[in-house]
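Accompanying notes for the structure given below.
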Amino acid sequence: MKHARAAREFLRNGPRTDWHDQALWYVRQKRDLQKDGIPDWEDLREQASAIKEHTLSNLDQYLEEFETNALRNGIRVHWALNAQEHNHMVLEILQQAGVNRLVKSKSMLTEECQMNPFLEKKGIEVIESDLGERIIQFAEQDPSHIVLPAIHMKKEEVGKLFEKKLGTKPGNHDPQYLTGAARKHLREHFLAAEVAMTGVNFALAESGGFVVCTNEGNADMGIHHASIHIASMGIEKVIPGKEHLAVFLRLLARSATGQPVTTYTSHFQRPDRDKEIHLIIVDNGRSEHLGKDKFWRALKCIRCGACLNTCPVYRRSGGHSYGYTIPGPIGSILTPRVDLKAFSDLPYASSLCGSCSDVCPVKIEIHEQLYHWRQEVNEQGELSRKKKLGIRFMGRLLARPRLYQKSGKFARKALRITPRFLVYNRLNPWGLSRDLPEPPRQSFQEWYRENRNKS
Amino acid sequence: MSRAQILNSISKNKPAPVKLPAPRKIFDKADEDLLQAFIDKAIDAGSETENFDSFEKVEAWVKQQRKNGKYVMDLSMPAGDPGMVDMVVIRGQLGVAENGAVWIDDEDMPTRKSPFVTNHLVLTLEKVKILPDMHEAYSKVDLDRTSFGVFIAGPSKTADIEQSLVIGAHGPIKNTILLY
C-alpha cells in the first residue's frame, strides 16, 4: 500500500497531476510521430529483442570478449559484485589520483548503487552535470524519471532553487534564462574537472569500446577536460558489435524523447594521450536475475523510459511514489528482484493494460511479468491481508457459476436502493476516488436468454 | 575475485542459448533524395546547412571568416582555447539522412574537447558521403581504427525544465554543416 499512499498524496493537487500527466503524454506523442516515420519499426523491435536475448543467453562469453578487446585498447577493466564494491572502487580511483571532486553525467546505475551519498560521506564533492540531475541534486531529491529526472518540477520551483543556489534574478523562471545560468555554473566545473564519470549505454564486445548518448554534451564536456574517465555499466549492457548498435540507436532516442537520435553519440575506444579510462562492470544481483525463468527478459531493458511515459498509473502518481531509483512499469518488474518484501506492492501499481509492452523498443513483455510477480508475491507470503482476503473471496465466487449469478442479481438490485454512504465508505478503498457505473437492469446471460431466439 | 564470481554466476544462471538474428536486410533506397532528407533532418535537429559546389569554395568560406576577423580553429591552426575561439571547424566523415547526424573521428579534431567546448561548431561534409541510415553508417565506420568518434546531430540542447527546448545546454550554441 506504500505506492497507493504516496500516489494519494500526489493526487491531492488536481491541476498539478493533470500537468504531470500531460507533460509525459506529450513525450509519448512525440515518440509516436518518430515511430510512424520508420516503415520497418516493428522489424527493428524484433531485431533488438532477439539481439538482446542472444547476448544475455551467452553473456559470460560476450563479457569476456569485451574485456579482452577493451584491455587491448588500453581501457582498465574492473569487476564489481555489488553496489558496495562498485562505490569503493570509484573512491579508490579518486583517492589514488588525490582528487576530491567528481564531475559526473547521468547514470541510473550509480543511483542504484547510492554512490553519491557514499562518496559525499567520504569527503568527495559530487557534481551532477546533466541539467535535470543538477536540479534535483540542488533540491536534495531523487530523480522521478530515468530520462527526464526533474519532470515533476515546475519552472517556478526551479527558478526559486536557482535563486538560492546560483543567485539568479528573483522571479525569473524562464527556462532559457535558467539554463543559461546553469551553463555558466557548470562550465566552471567542467573546465576544472580532474576525474569525470559517466554511465554506459552500450558496450561492444567485438571492438572493446563503449557508447554514451546525451543531448546536452555534458558527458563529453567532463570527460575530455578530465584526465581520468570512470565509466560504470551493468553486465547487461554489452552487445555483440556495431551492426547491432545501429539497431538500438535507431530505437533508443525515438522511444525516449521522440528524437531520431540524441545530439551526441560518443564512442570511447581508447583513452586520449596521457589519460586513463576505467570501466567498472557491475553485477549487483543481475546474474541471479538472469536465472529467473519468467523474469530474465527484463534485463533486455535499454532504459529509454517509454513505458513510464505511456503508463496511466505512472503519469498520475509520479516517479517518487514508487520509492525506488527506477520507477514506472520497468521499475516494478526490476525492484521485486532487489527486495521482494519491500516492494511487494509495486507489481500491483498497474492496470495491466499492456501499453508498456506495446511501446517497449526491445519487446519486454512488461505487463505479463507484472502479473507473474503478483503470483510470486503471493507465493512468498508477501501479499497484504486485505488483498489476500479479497482475492480469496472473488476466487470462490467466480468458481461457482450459480452463486455468481445470484450475487450479481442481488448486487444489481441492492446497488440501486442502497444509500451512497453504505457503498462508498472506508471499507471500500476502491470507491474513494471512483464511482461504479450505474448497475444495468439485467446481466448479459439474462439478456442472451431473452434474445437468442429472436431473429 | 569478483570477476570469477560474476562470470560463474552468469554461466550457472543464463537461459538456454537464443540464436542471433540474421543481419537486417538493407533496403534499396537509391531513389530517395538523400541530400534533401539529410538537410531536413539536420535542420530539425537545430543545425544550419550551407551548400557549396566544391571543397575549394568551402576553404574560401573559412578563409573569409578569418578575413572578417573571426578566430577559426581547425587542424591547420589547432592552437588556442577552443572554448574562447569563434568557431571550430572539423571534417565530417559521413552523414546520416535519417537523423541529420555527422560522424567525426578524433584524428580530425584539434583536440577531443574542441567539438564540445566551442560555442560554434562547423562540420564539413561531402554530399556523396551521406548514407540513408545508421545501418549503412556503421558498415562504413571502422571502430577498430577509431580511438574516439562521435555522431553529432545539431547543437547541444536540453529540455530538462518543463520540456522547454533550450539550445546551448553546455556545448555549442550553433552547429553549421558545410556541404560540398
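Just to be sure before I move on: is B:ALA169 more than 7 Å from chain A (Cβ to nearest Cβ), small (Gly, Ala, Ser) and more than 30 Å from A:ASN69 (Cα to Cα) in the structure I sent?
no
Quick check on B:ASP81: is it modelled with pLDDT under 95, in contact with an Asp or Glu (Cβ under 9 Å, 6 or more places away or on another chain) and either within 26 Å of A:ASP274 (Cβ to Cβ) or among the β-branched types (Val, Ile, Thr) (or both)?
Spelling it out, it is not the case that B:ASP81 is modelled with pLDDT under 95, in contact with an Asp or Glu (Cβ under 9 Å, 6 or more places away or on another chain) and either within 26 Å of A:ASP274 (Cβ to Cβ) or among the β-branched types (Val, Ile, Thr) (or both).
Checking the condition at pLDDT below 85, charged (D, E, K, R) and within 40 Å of the chain's Cα centre (by Cα), which residue from A:LYS454, A:LYS386 passes?
Unique residue meeting the criteria: A:LYS386.
Does A:ILE136 fit the bill of being within 24 Å of A:CYS301 (Cβ to Cβ), within 12 Å of another protein chain (Cβ to nearest Cβ) and touching a strand residue (DSSP E or B) at 6+ places or on another chain (Cβ under 9 Å)?
yes
Could you check how many residues of the stretch A:85-108 are of a type in the set (A, V, I, L, M), in contact with a His (Cβ under 9 Å, 6 or more places away or on another chain) and open to solvent by less than 20 Å² (accessible area, probe 1.4 Å)?
3
Looking at the stretch B:102-111, is at least one residue touching a residue at least 24 places away in the same chain (Cβ under 8 Å), more than 19 Å from B:SER147 (Cβ to Cβ) and crowded, with 17+ Cβ neighbours inside 10 Å?
Within the stretch B:102-111 (the criterion being touching a residue at least 24 places away in the same chain (Cβ under 8 Å), more than 19 Å from B:SER147 (Cβ to Cβ) and crowded, with 17+ Cβ neighbours inside 10 Å), the answer is no, since none of the residues qualifies.
Step by step: first the residues of the stretch A:266-304, then only those that are more than 21 Å from the chain's Cα centre (by Cα) and facing chain B (nearest Cβ under 7 Å), then the one that is surrounded by the fewest Cβ atoms within 10 Å (Cβ to Cβ). Which residue is that?
A:GLY291
Which members of the stretch B:42-51 meet the condition of being open to solvent by less than 30 Å² (accessible area, probe 1.4 Å) and assigned to a loop (DSSP other than H, G, I, E, B)?
Once the filter is applied, which keeps residues that are open to solvent by less than 30 Å² (accessible area, probe 1.4 Å) and assigned to a loop (DSSP other than H, G, I, E, B), the stretch B:42-51 yields B:ALA45, B:SER47.
State all residues of the stretch B:134-158 that are part of a loop (DSSP other than H, G, I, E, B), more than 7 Å from chain A (Cβ to nearest Cβ) and surrounded by fewer than 21 Cβ atoms within 10 Å (Cβ to Cβ); if no residue qualifies, say none.
B:ASP142 - this is the single residue of the stretch B:134-158 that is part of a loop (DSSP other than H, G, I, E, B), more than 7 Å from chain A (Cβ to nearest Cβ) and surrounded by fewer than 21 Cβ atoms within 10 Å (Cβ to Cβ).
Name the residues in the stretch B:159-180 that are open to solvent by 10 Å² or more (accessible area, probe 1.4 Å) and free of Cβ contacts under 8 Å to residues at least 60 places away in the same chain, would you?
Listed by number, the residues that qualify are B:ALA159, B:ASP160, B:GLU162, B:GLN163, B:SER164, B:LEU165, B:ILE173.
Specify the residue that is farthest from A:HIS20 (Cα to Cα); the eligible residues are those in the stretch A:144-175 that are small (Gly, Ala, Ser) and open to solvent by 20 Å² or more (accessible area, probe 1.4 Å).
A:GLY167
Within the stretch B:100-115, which residues are facing another protein chain (nearest Cβ under 10 Å) and either more than 19 Å from the chain's Cα centre (by Cα) or under 19 Å from B:LEU143 (Cβ atoms) (or both)?
Within the stretch B:100-115, B:ALA101, B:TRP103, B:ASP105, B:ASP106, B:MET109, B:ARG112, B:PRO115 qualify.
For the stretch A:421-436, name all the residues that are within 34 Å of the chain's Cα centre (by Cα) and open to solvent by 100 Å² or more (accessible area, probe 1.4 Å).
A:ARG426, A:LEU427, A:TRP430, A:LEU432, A:SER433, A:ARG434
Go through (1) among the polar types (S, T, N, Q); (2) facing chain B (nearest Cβ under 10 Å); (3) open to solvent by 20 Å² or more (accessible area, probe 1.4 Å) one by one and return the number of the condition A:SER129 breaks.
Every condition holds for A:SER129 apart from (3).
The values are calculated or read from the model by the stated rules, or taken from the named source; none is laboratory data. Treat the numbers as computed from the prediction; the structure is a model and nothing was measured. Here Cβ is always computed from backbone atoms with ideal geometry, including for glycine, and neighbour counts include all displayed protein chains. All accessible areas refer to the heavy atoms of the entire protein, side chains included, with ligands and DNA or RNA removed. Shrake-Rupley method; radii C 1.70, N 1.55, O 1.52, S 1.80 Å.
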